[in-house]
Amino acid sequence: LDALAVLTARDGESYAALVDGGVRTVRIPNTVREMGPGRADLSAPVAFAAGRLTPQKGYDMLIPAWAKVAERHPDWRLRICGEGKDRGMLEQLIRDHGLDGTVALEGPAADIGTDMERSSLFVLSSRFEGLPLVLLEAMSKGMAVVSFDCPTGPADVIEDRRNGLLVPPRDVDALAAGIVELIENED
């Protein structure tokens, strides 16, 4: 190889440790599609998440985190857009936590830009990512963002406490606390 292209800085570090020292590693991040001119409604009591309903996306952790958020902020709603094999399990988790009127599992977003405009904060609960384009899309709409600091993408996009919140991976309590912090701090 003359060079190896990767999506994130962490990917670059991981691959550099695996390939011959003479191979140059170059980061070339994905681009974001056009999201439309509208901005997120930062006064909307709505959190938004989007992605496949699979273990990778961590919605099985987001729902229990949301139960803690709903205790303090029962007027807030969580919308999860996506489709996948975990739908039934997630629906049961919503029922088990008594969140039927608070959490909505919606199908794939027809126009994610418009959906983001109707929300004020974005939550990324993934166990791992490449480079989370949906996080970039949310930030391009002006949404407040909170994410697990999972391998490998969020820390390449979010500067903790500067343009979003990073919380320890798979820490449900920390995710809930991060969401509550954003809700309670409009600035």
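The values are calculated or read from the model by the stated rules, or taken from the named source; none is laboratory data. Everything quoted here is computed from the prediction, not taken from an experiment. Glycine gets a Cβ as well: all are built from the backbone with ideal geometry, and neighbour counts include every protein chain shown. What goes into the accessible areas is simple: the full protein's heavy atoms, side chains included, and nothing from ligands, DNA or RNA. Shrake-Rupley method; radii C 1.70, N 1.55, O 1.52, S 1.80 Å.
Here the label points at Leu1 and Arg162, each 7 Å from Cα along the C-beta direction, are separated by 2.8 nm in the simple model. Protein heavy-atom surface of the chain, 1.4 angstrom probe: 50% of the accessible area is carbon and sulfur, with nucleic acids and ligands not counted. Annotation: per residue accessible area for the stretch 41-80 equals 39 Å², rounded to a whole number [probe 1.4 Å, protein chains only]. For every other residue with a beta carbon closer than 15 angstrom to the beta carbon of Arg118, add +1 if it is Lys or Arg and -1 if Asp or Glu, then tell me the sum. Here the count lands on -2. Counting only residues at least eight positions apart within a chain, or on another chain, the lysines with an alpha carbon under 25 Å from that of Lys141 are Lys57.
With an 8 Å Cα cut-off and a minimum separation of 6 or more residues, compute the relative contact order for the stretch 11-135 in percent. Spell out each step's value before the answer.
Values: 167 pairs, mean separation 46.7, N = 125.
Taking the mean separation of contacting Cα pairs over the length of the stretch 11-135, I get 37 percent.
The helix-based estimate of mean residue ellipticity at 222 nm for the chain, built from -39,500 (n - 2.57) per DSSP H run of four or more residues and divided by its residue count, is -9500 deg cm²/dmol to the nearest 500.
Evaluate E = 1/(1 + (r/R0)^6) for Ala155 and Asp100, where r is the Cβ-Cβ distance and R0 equals 30 Å; express this FRET efficiency to the nearest 0.05.
0.30
Can you list which of the DSSP-assigned H helices in the chain have a Cα extent of 15 Å or more along the long axis and an average Kyte-Doolittle score of at least 0.0? It would help to have the intermediate numbers written out before the result.
Values: long enough: 59-72 (20 Å, 0.04); 172-184 (18 Å, 1.50).
Going by DSSP H runs, the hits are 59-72, 172-184.
Taking the average, over residues, of other Cβ atoms within 10 Å as the packing measure, peptides 50-57, 110-117, 22-29, 156-163 rank 50-57, 110-117, 156-163, 22-29 from highest down.
P(r) tail, the stretch 41-187: Cα-Cα pairs separated by more than 18 Å, 50% of all pairs.
Averaged per residue, what accessible area in Å² does the stretch 116-186 show with a 1.4 Å probe, protein chains only?
Result: 38 Å² of accessible area for each residue.
Sequence-ordered 3J(HN,Hα) estimates for the stretch 166-171 from the Karplus curve with 6.51, -1.76 and 1.60 and θ = phi - 60° stand at 10, 10, x, x, 6, 9 Hz, glycine and proline given as x. Once you sort the root eigenvalues of the Cα gyration tensor of the stretch 102-156 as a ≥ b ≥ c, which label holds: rounded (a/c under 1.5), prolate (a/b larger than b/c) or oblate (the other case)? Judged from the Cα gyration tensor, the stretch 102-156 comes out prolate (a/c at least 1.5, a/b above b/c).
For the stretch 126-186, the spread of Cα positions along the three principal axes, ordered from largest to smallest, is 30, 26, 16 Å.
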